[in-house]
Amino acid sequence: MLLKNWRDPYTESGFFSKITFSWLSDLVSWGFKKRLRLEDLDDVPQNYEIKSNIEELDKNWQKCRLEKGRVLFKAMAITYRK
């Protein structure tokens, strides 16, 4: 069974799952059971790519960094609450 037939776990996961990467647990499990090939996976949408996420996190970090408290947590919450 190809993974392309599965729904995207990232878009269905909540904030905590996203920041802890627990939404990847099914993929890790499938990879443990059988060797995954590139053909088994869909292309990564641009808004999931690390470059766009890092740029968004950096922008939010710059906005939040002068505040007191849990600044990194706030910047991550703003970035990944999509």
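The values are calculated or read from the model by the stated rules, or taken from the named source; none is laboratory data. Model, not experiment: these values are computed from the prediction. With ideal geometry, Cβ positions are generated from the backbone for all residues, glycine too; neighbour counts draw on all protein chains shown.
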*Do you know which residues across the stretch 29-53 are assigned to a helix (DSSP H, G or I) and surrounded by 12 or more Cβ atoms within 10 Å (Cβ to Cβ)?*
TRP30, GLY31, ASP40, TYR48, SER52, ASN53
_Among the residues of the stretch 27-39, are any out of contact with any Gly (no Cβ under 7 Å at 6 or more places or on another chain) and closer than 27 Å to ILE78 by Cβ?_
yes
*From the list LEU66, LEU57, LEU24, pick out the single residue that is at pLDDT 80 or above, in a loop (DSSP other than H, G, I, E, B) and aliphatic (A, V, I, L, M).*
LEU66
*Of LYS34, LYS51, LYS59, LYS74, which residue is touching an Asp or Glu at 6+ places or on another chain (Cβ under 8 Å) and either among the polar types (S, T, N, Q) or free of Cβ contacts under 8 Å to residues at least 24 places away in the same chain (or both)?*
LYS74
*Out of (1) closer than 25 Å to ALA75 by Cα; (2) not assigned by TED's automatic domain parsing to the domain that holds ALA75, what's the single condition that is false for SER52?*
(2)
